[in-house]
Amino acid sequence: MRDLQVYYDAAGQLLEGNSPYGRAFGLSSGFYKYSVSAAMVFYPAHLLGSWFTFRVIYFVLLSAAIAWYTPRWTESIRDRFKLSGKSGIAVLLVSLTLIGHFSRELLLGNVNWFLLLLVLTAFVSLARNGILAGLLIAVALVFKPHFAVILPWLVLRKEWKATASVLVSIVVLLMLPSLHLGWGENLALLNEWKEAIMAHNGELGESPNTLFGMISNLTGINGSWLIYSSIGAVAIFVLVWMLRNMKNEEHANELRFLEFAFLVAIVPNLVHTDTEHFMWTMPLIVLLAWLWLQLNGSLKWVVSVLWMLALIPYSLNTPDIWGSAAAEWFNKSGILGLANLILIVLAIGLYYRVRQREGQQA
């Protein structure tokens with residue numbers, strides 16, 4: 001559980017009055033690159049007396065969270081989209097698709113599953129409590145700034161209360177460590193955090209599983225303009241898509257969720273990040289499973305084949321199956337990023353196909 005050790009040891013350094021940045025914890029690559037506030041969440045772990053005790057407790061909690069919430073979110077998404085089918089089959093399809101990511105999350109002791117649950121709960125909370133939704137998103141942001149992709153969506157969807165709550169909450173959360181560390185020390189650590197983020201993304205243009213990384217690998221073209229062009233193209237696509245969706249009152253709630261899920265799922269295709277973040281495609285994978293159950297005939301077979309092919313690099317890219325060299329190729333060749341895009345396109349494309357078919361039948 002090397003990733004968990006990074007959080008744990010970073011919290012220990014702060015408790016001793018030291019900076020957690022610029023040093024490796026556990027492994028030579030185990031640098032802490034998250035906010036001070038995120039490390040403080042792990043302060044209570046040091047009351048348990050040992051790293052081993054905390055590791056066991058966290059493993060049990062993470063296992064329970066995966067086992068409990070996977071079927072519940074699967075059923076929740078079915079109900080939101082008013083789809084039919086057996087829950088057991090859908091949960092099995094989702095679990096098989098995500099099995100590699102669940103395994104890696106447990107192996108590393110990471111927080112990606114909990115962060116996904118946070119932002120999904122934030123989305124559900126938007127309808128009844130925008131302040132709470134904003135607070136939950138802010139908590140996710142102090143761990144992974146990648147979730148900033150949600151902020152423009154909140155503005156375009158006129159979620160003003162949630163947007164204000166995010167901005168206020170993020171400032172409060174980032175300043176909160178000043179109560180323990182002092183104002184000057186906290187500001188200095190925030191600057192170190194910024195430098196750690198910049199260092200981590202220093203090879204953004206060569207990140208193989210991003211959109212621009214895949215284009216660069218295919219064409220040999222690279223440069224910062226390609227990065228900005230790729231991100232800009234996605235932003236324009238989302239904007240046009242949202243404007244089109246806003247005219248559809250009949251399926252407004254479904255389309256809002258689809259947009260939100262897309263933004264979370266596309267994150268690892270836009271920023272340089274670890275491969276385990278591809279598990280954030282889970283809401284769209286759940287939707288894909290339910291939509292697949294609505295199909296019949298040749299289309300169902302085509303989707304099945306594409307899904308199974310995408311599954312190989314997406315979730316089965318383990319050295320236990322293919323060997324270390326092949327698994328490394330899956331992660332570094334860009335095929336993992338491509339597999340994620342295939343799953344995203346299948347889910348969104350099938351949604352419109354199923355709704356179109358229902359409209360024709362009506």
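The values are calculated or read from the model by the stated rules, or taken from the named source; none is laboratory data. As the structure is a computational prediction, the values presented were derived from the model and not from experiment. Reconstructed Cβ throughout: ideal geometry from the backbone, glycine too, with neighbour counts over all protein chains shown. Just so you know, the surface numbers come from the protein's heavy atoms only, side chains and all, with ligands and any DNA or RNA stripped out. Shrake-Rupley method; radii C 1.70, N 1.55, O 1.52, S 1.80 Å.
What the table shows:
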quantity: Hits in region 241-270 (condition: farther than 18 Å from L154 by Cβ and free of Cβ contacts under 8 Å to residues at least 60 places away in the same chain); calculated: R244, K247, N248, E249, E250
quantity: Of the criteria (1) part of a helix (DSSP H, G or I); (2) at pLDDT 85 or above, which one N331 fails; calculated: (2)
quantity: Residue in region 324-336 that is touching a residue at least 24 places away in the same chain (Cβ under 8 Å) and either open to solvent by less than 20 Å² (accessible area, probe 1.4 Å) or under 15 Å from M282 (Cα atoms) (or both) present; calculated: yes
quantity: Matching residues in region 36-64 - criterion: being surrounded by fewer than 15 Cβ atoms within 10 Å (Cβ to Cβ) and in contact (Cβ under 8 Å) with a residue 40 or more places away in the chain; calculated: S63
quantity: Hey, G12 at pLDDT 90 or above, more than 24 Å from the chain's Cα centre (by Cα) and open to solvent by less than 70 Å² (accessible area, probe 1.4 Å) or not; calculated: yes
quantity: Any chance R55 is modelled with pLDDT of 90 or more, farther than 21 Å from N110 by Cβ and either β-branched (V, I, T) or over 20 Å from the mean Cα position of the chain (by Cα) (or both); calculated: no
quantity: Any hit, region 110-119, residues being open to solvent by 30 Å² or more (accessible area, probe 1.4 Å), closer than 21 Å to H146 by Cβ, aromatic (F, W, Y) and assigned to a helix (DSSP H, G or I); calculated: yes
quantity: Test: residue in region 2-10 that is part of a loop (DSSP other than H, G, I, E, B) and under 17 Å from S103 (Cα atoms); calculated: no
quantity: Some residue of region 178-201 being open to solvent by 30 Å² or more (accessible area, probe 1.4 Å), polar (S, T, N, Q) and either within 27 Å of F262 (Cβ to Cβ) or under 23 Å from the mean Cα position of the chain (by Cα) (or both); calculated: yes
quantity: Answer residue from region 334-348, given it is under 17 Å from L93 (Cβ atoms) and among the small types (G, A, S) and is modelled with the lowest pLDDT among those; calculated: A339
quantity: Residue list for region 312-323, restricted to those being of a type outside the set (S, T, Y) and surrounded by 12 or more Cβ atoms within 10 Å (Cβ to Cβ); calculated: I312, P313, L316, N317, P319, W322
quantity: Condition met for L309 (buried (at least 17 other Cβ atoms within 10 Å of the Cβ) and of a type in the set (A, V, I, L, M, F, W, C)); calculated: no
quantity: Residue that is open to solvent by 50 Å² or more (accessible area, probe 1.4 Å) and either in contact with a Ser or Thr (Cβ under 8 Å, 6 or more places away or on another chain) or at pLDDT 95 or above (or both), where the choices are L151, L156, L167, L174; calculated: L167
quantity: So A127, is it open to solvent by 20 Å² or more (accessible area, probe 1.4 Å) and outside any helix (DSSP H, G or I); calculated: yes
quantity: Members of region 94-109 found to be in contact (Cβ under 8 Å) with a residue 40 or more places away in the chain and surrounded by fewer than 19 Cβ atoms within 10 Å (Cβ to Cβ), listed by number; calculated: L96, I99, S103, L106, L107, L108
quantity: Number of positions in region 18-35 that are in contact (Cβ under 8 Å) with a residue 24 or more places away in the chain and either of a type in the set (G, A, S) or exposed (fewer than 13 other Cβ atoms within 10 Å of the Cβ) (or both); calculated: 6
